[in-house]
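What follows is a short report on a single structure.
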Amino acid sequence: MKLITLTTDFGRSEYVAQMKGVILGIAPKVWIIDIAHDIGAQSVIEGAFVMMTSVVHFKDAVHVGVVDPGVGGSRRAVVFSCKRGILVGPDNGLLGPAAHKLGLEACYEISDTKVTFISKDHEVSDTFHGRDIFAPVAARLAQGDIVPQDVGGCIRDFVKLDIMDRTVSSAKATGMIVRVDHFGNMITNLPKTVLNNIPASGIIEVLVGKKRMPARVVRTYSDGRPGELLVLSSSSSFVELSMTKGRATDTINAYPGDIVGINYLPASKKAGKSRKSNPKK
Amino acid sequence: MKLITLTTDFGRSEYVAQMKGVILGIAPKVWIIDIAHDIGAQSVIEGAFVMMTSVVHFKDAVHVGVVDPGVGGSRRAVVFSCKRGILVGPDNGLLGPAAHKLGLEACYEISDTKVTFISKDHEVSDTFHGRDIFAPVAARLAQGDIVPQDVGGCIRDFVKLDIMDRTVSSAKATGMIVRVDHFGNMITNLPKTVLNNIPASGIIEVLVGKKRMPARVVRTYSDGRPGELLVLSSSSSFVELSMTKGRATDTINAYPGDIVGINYLPASKKAGKSRKSNPKK
Amino acid sequence: MKLITLTTDFGRSEYVAQMKGVILGIAPKVWIIDIAHDIGAQSVIEGAFVMMTSVVHFKDAVHVGVVDPGVGGSRRAVVFSCKRGILVGPDNGLLGPAAHKLGLEACYEISDTKVTFISKDHEVSDTFHGRDIFAPVAARLAQGDIVPQDVGGCIRDFVKLDIMDRTVSSAKATGMIVRVDHFGNMITNLPKTVLNNIPASGIIEVLVGKKRMPARVVRTYSDGRPGELLVLSSSSSFVELSMTKGRATDTINAYPGDIVGINYLPASKKAGKSRKSNPKK
């Protein structure tokens, strides 16, 4: 029994089901699991993060990712062969972080039209390669009809996207928001270990864009007071910004790709200084 | 292994799962695939279009549709027997377009209460025939316990809904919006071949309700400039209105069932004339 | 073939898929059905109602519930053994109503770390016990590797939550809203039998918070006039408030846990009296 997972920015729509129909038409016994379809429209960073943190929970699977602003253009379609799974999707950086987590072995460009064949009536659309290219390839890989090197030539210049770009010092940490979840929590790419450096008060300063806000470091969501900005370790071991009885993302107005900083200096002190130097505010 | 697909306007809710519980209680080995549950509430046109364009991607399945404003009233429940599948749902036009795509053979009215039996404790509700009538019938059909003619008498006067009503001439095309997808793209019932008539500039005029707007014909989403209204061929080979970095439906304020027109005359020219003849505007 | 169902307040997100990955890693042949993931964030009442009304539609399954505001705190994790199924989740009242529907036999506290083991690399997070504790326990129960008493000691003082608290007299009924569905319908915990007492006019008075509104008792959604507040029997046999062509919850501004009352006296009469005694209003 082979597994295929799907991660897309299709939202709740029939496009996901059309992919499943194509998959089950070729490989009627595979199981299909939806990872997430609520990736922000065309947010390759968010899709890459969700795939990276989710594929590791599956023992062996073919993972399809479709966050594909360049569909129908010149971007290539690729398959990553990894130690603990296979990835299929566009060559735009979406799959790389997950591929590294699964033990990247090689990347192949999908170029053989035999592996994408659906039926003689089926026309490849310019806007939906998820259904017309990635789905049939994933189905054949999951079923064992083909192996990754059958899809086309091996390439080394696949698009790299560093979603783990960040700097951590003893005074501050700077990274970016990589995911906004259903609750409006903002997950950053900062490792949870930066929370080891917090001051005794538990209050730190968070910077997003031009905003500076005090925030309290807590262990669980239930430790917060309503409306308070919280900093905690996410279930994927990254620093997460949350708000009890509220949506942190709506208050802070920030999205995947935005820079986020954490100053370990107590926010109250800095806020006091800041107010003095801007007396008219 | 038989497949059942579900298309409803239930959104994200437990109602879909209650249907699945009933199905698996009768037919524990069928696979169930969600086509879409984000059909606009009670939008039979949108449901009919989504089913029509999605069922064709499944090789053999029992397709259940539940967009059912008349539930509990006098509308009949029907089963369509087709060359490449079976359809189950309300007799309100929802299933017809999909039935024709799958090769319509006959329509039967569900009237035998044996085929809808769930358990002696289970009471048929007036508001949820998806669970109490369509689900048990679909489960028995998928499992092969019954064939379509077992559900009741053959009928010819089932409700017809022409979601492909449209006129195409050498100067313009008029049809309707049949689907608004998750991205706010508006899919029309105009065939993509009307885009063959576009002027050299690639700029045409789109009419929705009383609004006239210039729009640019492109091949892929990535060809557009931010905020520009785009016209392209959808993944189902229909004309689609889209907006780069925006939601076309929110800007145009139009929904499934609304009339849409395309004038092949360059919009810039017409817009100029229009402005001259309405100098006070 | 064993079934696992999932009910959470995770919305559309990868967290559900991470639970599925853990489950399938331990029990590759179980089937997983999503009951609902749109429970209002941290609304234990709504989750308890959705589970109670949905689990009864499954013949035999392990039902996992994760609406868990106290995750990582001192609340216990529990397994309910029932005549017609097993329930797994937090000890906060979420599972009790469903357990009683399935024939509650015993409750066990999850305390043996062998039953929650995922892999030696996997660290239990403080914020996601759904994936790290409930999923592995449910997978082992569904697969038959363990029975409920293997998870830990039997407890009797599990948290009780009475979501069926209500009073019904010949003149009025008082209960609470327990679910707001995708359409904005508000489902109450009042039994549909209270609708047997309606006056000949079919018009009654509904009270939610400080609001009093006339409402019409109907049999199906299609019996209403646009904008009219309707009272009908829900598909789960509870009293439901609905609005034709509108969202009742948005107009009334009420949520799960809010008190709702029904006066059988004609609303027009009461409204008249009320206006007289408050002439300045």
Within region B:227-251, residues away from every other protein chain (no Cβ under 12 Å) and part of a loop (DSSP other than H, G, I, E, B) come out as B:Gly227, B:Glu228
Test: C:Gly65 is closer than 22 Å to C:Met186 by Cα and not in a loop (DSSP other than H, G, I, E, B)
yes
Can you tell me which of B:Val218, B:Val206 is hydrophobic (A, V, I, L, M, F, W, C), without any contact (Cβ under 8 Å) to a residue 24 or more places away in the chain and buried (at least 21 other Cβ atoms within 10 Å of the Cβ)?
B:Val218
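Residue-by-condition table, conditions (1) out of contact with any Phe, Trp or Tyr (no Cβ under 6 Å at 6 or more places or on another chain); (2) modelled with pLDDT of 95 or more:
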{"site": "A:Ala135", "(1), (2)": "yes, yes"}
{"site": "A:Gln143", "(1), (2)": "yes, yes"}
{"site": "A:Cys154", "(1), (2)": "no, yes"}
{"site": "A:Met176", "(1), (2)": "yes, yes"}
{"site": "A:Leu195", "(1), (2)": "yes, no"}
{"site": "A:Leu230", "(1), (2)": "yes, no"}
Kindly provide the set of residues from region C:76-129 that are in contact with a Leu (Cβ under 7 Å, 6 or more places away or on another chain), within 14 Å of another protein chain (Cβ to nearest Cβ) and in a strand (DSSP E or B), ordered by number.
C:Gly85
Residues satisfying the stated conditions in region C:58-73, i.e. within 8 Å of another protein chain (Cβ to nearest Cβ) and closer than 25 Å to C:Val239 by Cα:
C:Phe58
Could you run through region C:2-58 and say how many residues are under 20 Å from B:Val16 (Cβ atoms), assigned to a loop (DSSP other than H, G, I, E, B), in contact with a helix residue (DSSP H, G or I) (Cβ under 6 Å, 6 or more places away or on another chain) and in contact (Cβ under 8 Å) with a residue 60 or more places away in the chain?
3
Filtered residues of region B:10-57 (kept if more than 10 Å from chain C (Cβ to nearest Cβ), buried (at least 20 other Cβ atoms within 10 Å of the Cβ) and within 18 Å of B:Gly70 (Cα to Cα))
B:Ile39, B:Ser43, B:Val44, B:Ile45, B:Glu46, B:Gly47, B:Ala48
Which condition does C:Gly152 not pass, out of (1) part of a loop (DSSP other than H, G, I, E, B); (2) under 20 Å from the mean Cα position of the chain (by Cα), if it passes all the others?
(2)
Six or more apart or on different chains, Cβ atoms under 7 Å: show the pairs whose first residue is in region C:222-243 and charged (D, E, K, R) and whose second is modelled with pLDDT under 85 and part of a loop (DSSP other than H, G, I, E, B).
C:Arg225/C:Thr244; C:Glu228/C:Thr244; C:Glu240/C:Ser234
Just for region A:111-127: of the residues that are in contact with a Gly (Cβ under 9 Å, 6 or more places away or on another chain) and modelled with pLDDT of 85 or more, which one is farthest from A:Ser74 (Cα to Cα)?
A:Ser119
Could you check region C:80-122 and list, in sequence order, the residues that are of a type in the set (Ser, Thr, Tyr), without any contact (Cβ under 8 Å) to a residue 40 or more places away in the chain and surrounded by 19 or more Cβ atoms within 10 Å (Cβ to Cβ)?
C:Thr116
Taking C:Asp38 and the conditions (1) touching a His at 6+ places or on another chain (Cβ under 9 Å); (2) of a type in the set (Asp, Glu); (3) modelled with pLDDT of 95 or more, which numbered condition does it fall short on, given that it satisfies the others?
(3)
Among the numbered criteria (1) on the phi < 0 side of the Ramachandran plot; (2) surrounded by fewer than 16 Cβ atoms within 10 Å (Cβ to Cβ), which single criterion is violated by A:Gly227?
(1)
Matching option when the condition is more than 14 Å from every other protein chain (Cβ to nearest Cβ), closer than 20 Å to A:Thr251 by Cβ and surrounded by 13 or more Cβ atoms within 10 Å (Cβ to Cβ), among A:Leu190, A:Leu141, A:Leu161:
A:Leu190
Kindly check whether there is at least one residue in region A:207-216 that is part of a strand (DSSP E or B), under 29 Å from A:Thr7 (Cβ atoms) and among the basic types (Lys, Arg).
no
The one condition B:Ile203 fails out of (1) in contact with a Lys or Arg (Cβ under 7 Å, 6 or more places away or on another chain); (2) under 20 Å from B:Pro256 (Cα atoms); (3) aliphatic (A, V, I, L, M) is (2)
Here the residues within region A:60-114 that are within 25 Å of B:Gly224 (Cβ to Cβ) and over 19 Å from the mean Cα position of the chain (by Cα) are A:Gly72, A:Gly73, A:Ser74, A:Arg75, A:Arg76
Just checking, how many residues over region C:59-83 are touching a helix residue (DSSP H, G or I) at 6+ places or on another chain (Cβ under 8 Å) and over 17 Å from C:Lys101 (Cα atoms)?
9
I'm trying to understand the selection: among the residues of region B:143-173, which are small (Gly, Ala, Ser) and under 29 Å from B:Lys114 (Cβ atoms)?
B:Gly144, B:Gly152, B:Gly153
If you check A:Ile163 against the conditions, is it assigned to a loop (DSSP other than H, G, I, E, B) and touching a residue at least 60 places away in the same chain (Cβ under 8 Å)?
yes
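The values are calculated or read from the model by the stated rules, or taken from the named source; none is laboratory data. Nothing here was measured: the structure is a model prediction, and the numbers come from that model. Quick reminder, even Gly has a Cβ in these numbers, built from the backbone with ideal geometry, and neighbours come from all protein chains shown.
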